[in-house]
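Working notes, structure below.
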Amino acid sequence: MGSLTISNVTKTFGSTEVLKGINIDIADGEFLILVGPSGCGKSTLMNTIAGLEEVTTGQLLLAGEDVTERSPKDRDIAMVFQSYALYPTMNVARNISFGLEMRGVPKQERDQRVQEVSTLLQINHLLDRKPSQLSGGQRQRVAMGRALARSPRVYLFDEPLSNLDAKLRVEMRTEIKKLHKRLGTTIVYVTHDQIEAMTLADRIAVMKDGVVQQLGTPNEIYDNPANQFVAGFMGSPPMNFVPCEVNSDGSLAIDTSGHSLSLTIPQSSTLKAQNISRVILGLRPEMLTEPKPERAGDSVMALEMDFDVTEPMGADTIAIGEWNGIEILARLSPEAGLRAGKSTPVQVDLSKVVLFDPESGERIR
Amino acid sequence: MGNSNMSIGRYAIYACLMIFAVLYLMPLYVMITTSLKDIEEIRQGNLLSLPAAPTLYAWAKAWGSACTGSECEGLAPFFFNSIRIVVPAVLISTLIGALNGYVLAKWRFRGSEFLFAALLFGCFIPFQVILLPMARLLATFGLANTVTGLVLVHVIYGVAFTTLFFRNFYVSVPTELVKAAQLDGANFFQIFRHIFLPISLPIFTVTIIWQFTQIWNDFLFGVVYSGQGTQPITVALNNLVNTSVGGKEYNVDMAAALIAALPTLVVYVLAGKYFVRGLTAGAVKG
């Protein structure tokens, strides 16, 4: 059992409040990702879970037991560090078995465990090498092996892939996902890479300034962001944010390339009812595309736009235009991207637009 | 022919270096040759000439029978006094320094930076300042004129330096290693023993050479805090040179000085390359 409950955890360093009351319930076997910009407190939260830093107030429950006051070694938690933190003078086998050695596991059992883990991670042939003789990807595997060897109740990953090159990162990402499927152990994973977060997580906790902004599945976070920060942080290229006036009928006034448009959106009746006059429109780039007859519907609207710049990405092309004087990204097919320029016909799918309060950045539903 | 101009410049530089090398080595040469001559030859001969009939008489006398004050047993007993002082003092101060450095680098606590600064201050306290208080302290502990007392003095004085060395070395060790080991279940001393000690050879070498040289060559503490039978070799050398029975035996003086200087030379020759490596260890990440 490896459920983990983080309850009202705060952490202050001197007068700086780094964690401001964190509440997260992590189910047994869940893959939870903590994501946020640097300085948001995600690594501090990780360290408090590991017991490397004490919480100022609050409680940590591991499988229902209060572990708030326990030392790291008594929490049955293993961690993979960003820098791998392999012991430089020990060979791979000893690096993997060190935790077992410190816990008094007999030599024979340790050797067997090293064999199992190294087979699982395909590092059998490296067991006699020192960390300095390994490549980045190999070190990464050894670091994971060290965590796996003890079969702990919870694994913590602190930005484990950020020191790898792009190709290896994608490979290891898949490997971690497979590993989680296979082991089914609870994982808490810190990253600032939102693609990693989207691809790996069962649930994502988006953090900013020591506060969890939103906790939800990748789809919830992506389609239903709690506020403008979350909406802007998740997704690449990022969501478009366009400040708009609200017309008296609840539609949004958009001015693009000399045309004035009125966008009637699913939330229009709410806006009218609540008498809201200004909003920030949040629109994912993939909702603004070349005309696709097969996707036509009530919420799809055709319009023409001028695009100044196109950025071909291979699978699709990002075209940059302007709404209400704000740069806006559209995601076109490569063919449409080639034709993009003055007065390009496009369509906008308004079914998934989100609205934010211009002052607070909070979601208007 | 620009090449020959170059080489003339080169020759000038080499010649200059040679002259200085000779100048610097001259005293050593004089000491060694003089120690191998007999006293007659020294009186009559040239200071720079090679010994006509090399003899180890002066070395034997300096070691075994020269007079240091009223006794005439040579330097041998004092040499062993020095060993008895230096070995424990070096080992203890180095071990304490290693632990201190480990704590100050990786187990920061409230006020640890202040403590480190205060400890550093210890490196700059002149010997003379502590002479009287230390004498008082040793008397209180009943350690006046004992080898233990001298060891204590050297350990206390050395800890500031050894801590500085080890702390600066360990600061460059990634803290994540400590965290990883903590999660692996290692305690404070296990982390020190399994993670830190194995990477510490260069800094141990530096510290041991430094401490050995400092303590072996110390004269002031030796002369102040030692008593009959516990004097270190530096004090004995001074006494030997200042005691004259009949004429002055320069060859014995020279041999005695060489005997007193030999251990530090040996240590440096044996471990010198680690010394240089260790001093620059913090600069380049290994």
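What to note about this one:
- Of all the numbered requirements in (1) under 30 Å from A:SER132 (Cα atoms); (2) within 14 Å of another protein chain (Cβ to nearest Cβ); (3) among the small types (Gly, Ala, Ser), A:GLY14 misses one, and that requirement is (1).
- Applying the criterion of at least 3 residues that are hydrophobic (A, V, I, L, M, F, W, C) and closer than 27 Å to B:GLN214 by Cβ to the helices (runs of 4 or more DSSP H) found wholly in region B:35-126 leaves B:57-64, B:76-106, B:112-121.
- Test: B:LEU183 is of a type in the set (A, V, I, L, M, F, W, C) and within 14 Å of chain A (Cβ to nearest Cβ): yes
- Criterion: more than 14 Å from every other protein chain (Cβ to nearest Cβ), at pLDDT below 90 and either touching a helix residue (DSSP H, G or I) at 6+ places or on another chain (Cβ under 9 Å) or surrounded by 14 or more Cβ atoms within 10 Å (Cβ to Cβ) (or both) - qualifying residue of B:LEU138, B:LEU115, B:LEU152, B:LEU120: B:LEU120
- When region B:161-173 is filtered for residues that are within 17 Å of B:THR205 (Cα to Cα) and either under 20 Å from the mean Cα position of the chain (by Cα) or surrounded by fewer than 19 Cβ atoms within 10 Å (Cβ to Cβ) (or both), the ones remaining, listed by number, are B:PHE161, B:THR162, B:THR163, B:LEU164, B:PHE165, B:PHE166, B:ASN168.
- Residue match in region A:73-80 (condition: more than 33 Å from the chain's Cα centre (by Cα), at the interface with chain B (Cβ under 8 Å from one of its Cβ atoms) and surrounded by 18 or more Cβ atoms within 10 Å (Cβ to Cβ)): no
Yes/no matrix, rows are residues, columns are (1) surrounded by 19 or more Cβ atoms within 10 Å (Cβ to Cβ); (2) modelled with pLDDT of 90 or more:
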| position | (1), (2) |
| --- | --- |
| A:THR217 | no, yes |
| A:SER257 | no, no |
| A:GLN274 | no, no |
| A:GLY282 | yes, yes |
| A:GLU290 | yes, yes |
| A:GLU294 | no, no |
| A:SER299 | no, no |
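- Hey, A:TYR189 in the same structural domain as A:LEU62 (by TED's automatic domain parsing), over 15 Å from the mean Cα position of the chain (by Cα) and in a strand (DSSP E or B) or not: no
- Residue check, B:THR146 away from chain A (no Cβ under 14 Å), of a type in the set (Val, Ile, Thr) and under 27 Å from B:LEU262 (Cα atoms): yes
- Scan of region A:4-36 for residues that are in a loop (DSSP other than H, G, I, E, B) and farther than 19 Å from A:PHE157 by Cα, ordered by number: A:GLY14, A:SER15
- A:ARG139 vs. criteria of a type outside the set (A, V, I, L, M, F, W, C), over 30 Å from A:PRO237 (Cβ atoms) and surrounded by 15 or more Cβ atoms within 10 Å (Cβ to Cβ): yes
- For first residues located in region A:56-71 and over 22 Å from A:GLY14 (Cβ atoms) and more than 14 Å from every other protein chain (Cβ to nearest Cβ), partners that are loosely packed, with under 15 Cβ neighbours inside 10 Å and of a type outside the set (Ser, Thr, Tyr) and lie 6+ apart or on another chain with Cβ distances below 6 Å form the pairs A:ALA63/A:MET1.
- Filter result for A:LEU148 (at pLDDT 90 or above and closer than 17 Å to A:PHE81 by Cβ): yes
- Check on A:GLY39, within 23 Å of the chain's Cα centre (by Cα) and not in a strand (DSSP E or B): yes
- Filtered residues of region A:92-134 (kept if within 12 Å of another protein chain (Cβ to nearest Cβ) and exposed (fewer than 13 other Cβ atoms within 10 Å of the Cβ)): A:GLY104, A:SER132
- Among the residues of region B:119-137, not a single one is within 17 Å of B:PHE188 (Cα to Cα) and out of contact with any Lys or Arg (no Cβ under 9 Å at 6 or more places or on another chain).
- Residues satisfying the stated conditions in region A:336-365, i.e. over 17 Å from A:VAL242 (Cβ atoms), of a type in the set (A, V, I, L, M, F, W, C) and surrounded by fewer than 21 Cβ atoms within 10 Å (Cβ to Cβ): A:LEU338
- Every residue from region B:198-215 that is aliphatic (A, V, I, L, M) and facing chain A (nearest Cβ under 9 Å): B:ILE199
- Residue that is farthest from B:MET254 (Cα to Cα) [pool: residues in region B:28-59 that are in contact with a helix residue (DSSP H, G or I) (Cβ under 9 Å, 6 or more places away or on another chain) and of a type in the set (S, T, N, Q)]: B:SER49
- Among (1) within 14 Å of another protein chain (Cβ to nearest Cβ); (2) closer than 25 Å to A:PRO218 by Cα - the single one A:LEU45 does not satisfy: (1)
The values are calculated or read from the model by the stated rules, or taken from the named source; none is laboratory data. Values in this document were obtained by computation on a predicted structure and should not be read as measured data. Because the Cβ atoms are built from the backbone with ideal geometry, glycine has one as well, and the counts that use them run over all protein chains shown.
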